[in-house]
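Peer 1: Quick one: the structure is below, and I'll ask about it shortly.
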Amino acid sequence: MTEDLDALAKQLDREHVFHSWSAQAGLDLPVIAGGEGAVVWDHAGHRMLDFASQLVNVNIGHQHPAVVAAIRAQAEQLATIGPATANLQRGQAAQRILGRAPTGFSKVFFTNGGADAVENAIRMARLHCAERGDTGRDTVLSTYRSYHGNTGAAIVATGDWRRMPNQYARGHVHFFGPYLYRSEFWATTPEEESERALHHLERVIQSEGPSTIAAILLESVPGTAGILVPPPGYLAGVRALADRYGIVLILDEVMAGFGRTGRWFAFQGYDVVPDLITFAKGVNSGYVPVGGVIVSEPIAATFDDRVFPGGLTYSGHPLAAASIVAALDAMESEGIVDNARRVGEEAIGPGLRELAERHPLIGEVRGEGVFWAIELVADRGTREPVGSDVIGRLKKELTGRGLLPLAVDNRIHVVPPCVVTGAQVAEAIAIYDESLTSVEEDLF
Ligand SMILES: Cc1ncc(COP(=O)(O)O)c(C=O)c1O
């Protein structure tokens with residue numbers, strides 16, 4: 001009976017659901033019917049460790065009872081409301097978010113997800129420049145190794161391949177950020193990488209013309225591109241360049257924010273304060289779709305008397321707002337962000353480094369908190385990335401052993417919920433170990 005439900009879910013999915021970023025024929029996706037904490041299961045009860053946090057968003061874990069109860073209570077009181085209203089839950093959600101942000105941030109603009117948060121942050125930055133008399137600043141600088149969302153402007157700000165079929169707007173220029181393992185700058189130390197990447201960025205700013213640039217848009221820790229933890233001084237150096245040339249600094253915390261790095265915001269580890277912060281995913285762990293922009297006081301003031309030409313029907317939806325309040329309160333009272341930090345330091349980091357010593361397929365492991373990548377190479381000397389055949393094989397081995405993986409390009413991202421336990425990490429490390437061994441037996 002329960003197997004029938006799994007079969008029906010697969011059949012309906014194959015026949016009627018059009019999926020993101022995929023050729024549609026031949027998709028065979030895992031059925032997920034339920035979950036708790038860092039574990040999910042299908043209708044038949046086959047259990048899997050969710051080391052993808054779905055799409056790196058279920059920070060608080062599956063089915064947190066306080067968040068589920070808050071959504072249920074809100075649905076019973078008022079399930080929806082228009083944006084041009086004052087709503088208690090919306091105000092409380094904004095207050096809770098601002099409570100984790102640095103001083104100097106006063107407002108939150110709510111969106112439906114991460115991409116439209118980025119869209120609106122760019123819009124705010126451009127208009128802020130124009131309002132202070134700096135007309136002609138519309139260019140947005142972002143890195144090639146980035147993902148900022150799939151809507152119009154956000155997708156062309158994206159650095160990876162998804163930009164190309166969507167590229168129609170002017171006003172976006174890309175540069176290389178730091179990535180020591182595959183340095184574009186012939187650097188051999190993190191300090192060199194940081195210094196040279198900053199020199200490169202300054203030359204791009206000068207060559208484009210500083211008076212044409214509205215914003216630098218960066219993921220504090222680039223996620224989809226490979227968990228590229230910034231080297232010492234880099235983000236603070238970008239802040240200094242933004243100040244020198246009158247550019248708005250937007251830090252995209254959609255994936256890295258709300259606990260993933262073991263801090264409320266990833267940038268809080270890097271001695272930098274941006275002008276705008278984008279968020280989504282971890283703010284309520286995706287229980288209801290939501291995102292937004294946290295706005296610093298000077299930029300908020302730009303729109304005190306000037307109309308902000310942007311908006312969404314569901315901006316500050318009450319179900320999303322109630323889930324944010326409950327999620328952030330539970331994360332605070334249960335020490336969930338601290339758990340992410342501790343598990344990263346004590347279990348994931350040491351476990352992955354130990355695997356890297358023994359497995360020739362691993363070129364590098366890197367990360368912090370519950371935000372890690374295993375970079376797989378065909379040859380450790382040349383660092384040639386493995387092909388999709390190897391990644392496909394590894395995914396099968398991992399899934400077969402009860403771990404839901406996140407594979408991106410030549411990497412496996414190790415990104416469990418922030419509530420993951422040391423025992424679950426140990427179980428996962430053993431599964432990565434066995435799966436790598438099995439694939440390596442055929443390769444080396
Ligand atoms: C850093 C970053 N920005 C923006 C987005 C887009 O968010 P969404 O898929 O909610 O539109 C993502 C999604 O993964 C992301 O990782």
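Peer 1: When you scan segment 328-345, do you find a residue that is in contact (Cβ under 8 Å) with a residue 40 or more places away in the chain, outside any helix (DSSP H, G or I), under 19 Å from GLN95 (Cα atoms) and open to solvent by less than 40 Å² (accessible area, probe 1.4 Å), even just one?
Peer 2: Checking segment 328-345: not a single residue is in contact (Cβ under 8 Å) with a residue 40 or more places away in the chain, outside any helix (DSSP H, G or I), under 19 Å from GLN95 (Cα atoms) and open to solvent by less than 40 Å² (accessible area, probe 1.4 Å).
Peer 1: Picking from ASP389, ASP442, ASP409, which residue would you name as being over 20 Å from ARG353 (Cβ atoms), modelled with pLDDT under 95 and among the acidic types (Asp, Glu)?
Peer 2: Only one candidate passes the filter, namely ASP442.
Peer 1: Return yes when HIS200 is modelled with pLDDT of 95 or more, within 16 Å of the ligand (Cβ to nearest atom), surrounded by fewer than 20 Cβ atoms within 10 Å (Cβ to Cβ) and within 25 Å of ALA240 (Cβ to Cβ) and no when it is not.
Peer 2: So HIS200 does not fit the description; no.
Peer 1: OK, next. Being more than 16 Å from the ligand (Cβ to nearest atom), open to solvent by less than 30 Å² (accessible area, probe 1.4 Å) and of a type in the set (S, T, N, Q) is true for just one of SER183, SER194. Which residue is that?
Peer 2: None of the others qualify; the one that does is SER194.
Peer 1: Looking at (1) outside any loop (DSSP other than H, G, I, E, B); (2) open to solvent by 20 Å² or more (accessible area, probe 1.4 Å), which is the only condition GLN74 fails?
Peer 2: It fails just one condition, (2).
Peer 1: Every residue in segment 140-157 that is of a type outside the set (Gly, Ala, Ser), farther than 10 Å from ALA115 by Cα and either within 15 Å of the ligand (Cβ to nearest atom) or at pLDDT below 80 (or both), please.
Peer 2: VAL140, THR143, TYR144, ARG145, VAL156
Peer 1: Okay, next question. Quick one: what pairs do we get from segment 50-70, first residue within 16 Å of the ligand (Cβ to nearest atom), second among the hydroxyl-bearing types (Ser, Thr, Tyr) and open to solvent by 10 Å² or more (accessible area, probe 1.4 Å), C-beta under 9 Å, 6+ apart or different chains?
Peer 2: As it stands, the answer is VAL56/THR224; VAL58/TYR287, since those pairs meet every condition given.
Peer 1: Which one is nearest to the ligand (Cβ to nearest atom) among residues in segment 250-271 that are aliphatic (A, V, I, L, M) and open to solvent by less than 10 Å² (accessible area, probe 1.4 Å)?
Peer 2: The extreme case among them is ALA256.
Peer 1: For GLY104, work out the one condition from (1) under 17 Å from ALA321 (Cβ atoms); (2) open to solvent by 20 Å² or more (accessible area, probe 1.4 Å); (3) not basic (Lys, Arg) it doesn't fulfil.
Peer 2: (1)
Peer 1: PRO274 passes all but one of (1) within 11 Å of the ligand (Cβ to nearest atom); (2) surrounded by 24 or more Cβ atoms within 10 Å (Cβ to Cβ); (3) not hydrophobic (A, V, I, L, M, F, W, C); which number fails?
Peer 2: (1)
Peer 1: Something else now. Failed condition for VAL31, given (1) within 16 Å of the ligand (Cβ to nearest atom); (2) more than 28 Å from GLU368 (Cα to Cα); (3) out of contact with any strand residue (DSSP E or B) (no Cβ under 7 Å at 6 or more places or on another chain), with all others met?
Peer 2: Evaluating VAL31 over (1) within 16 Å of the ligand (Cβ to nearest atom); (2) more than 28 Å from GLU368 (Cα to Cα); (3) out of contact with any strand residue (DSSP E or B) (no Cβ under 7 Å at 6 or more places or on another chain) leaves (1) as the failure.
Peer 1: Then there's this: Spot the failing condition for SER296; the list is (1) in contact with a Ser or Thr (Cβ under 7 Å, 6 or more places away or on another chain); (2) polar (S, T, N, Q); (3) away from the ligand (no atom under 16 Å from the Cβ), and only one is missed.
Peer 2: Going through (1) in contact with a Ser or Thr (Cβ under 7 Å, 6 or more places away or on another chain); (2) polar (S, T, N, Q); (3) away from the ligand (no atom under 16 Å from the Cβ) one by one, SER296 breaks only (1).
Peer 1: I need the full set of residues from segment 278-314 which are polar (S, T, N, Q), crowded, with 21+ Cβ neighbours inside 10 Å and assigned to a loop (DSSP other than H, G, I, E, B), in order please.
Peer 2: ASN284, SER285
Peer 1: Return only the number of the condition from (1) farther than 18 Å from MET255 by Cα; (2) within 16 Å of the ligand (Cβ to nearest atom); (3) open to solvent by 30 Å² or more (accessible area, probe 1.4 Å); (4) in contact with a helix residue (DSSP H, G or I) (Cβ under 6 Å, 6 or more places away or on another chain) that ARG123 does not satisfy.
Peer 2: With (1) farther than 18 Å from MET255 by Cα; (2) within 16 Å of the ligand (Cβ to nearest atom); (3) open to solvent by 30 Å² or more (accessible area, probe 1.4 Å); (4) in contact with a helix residue (DSSP H, G or I) (Cβ under 6 Å, 6 or more places away or on another chain) applied to ARG123, the lone miss is (4).
Peer 1: Checking ALA169 against (1) over 20 Å from LEU249 (Cα atoms); (2) modelled with pLDDT of 95 or more, only one condition comes out false. Which one?
Peer 2: (2)
The values are calculated or read from the model by the stated rules, or taken from the named source; none is laboratory data. Quick caveat, the model's predicted, so the values are computed rather than measured. Note that each Cβ is placed from the backbone with ideal geometry, even for glycine, and that neighbours are counted across all protein chains shown. Ligands, DNA and RNA are stripped out before the accessible areas are found, and what is left, the full protein with its side chains, is counted by its heavy atoms. Shrake-Rupley method; radii C 1.70, N 1.55, O 1.52, S 1.80 Å.
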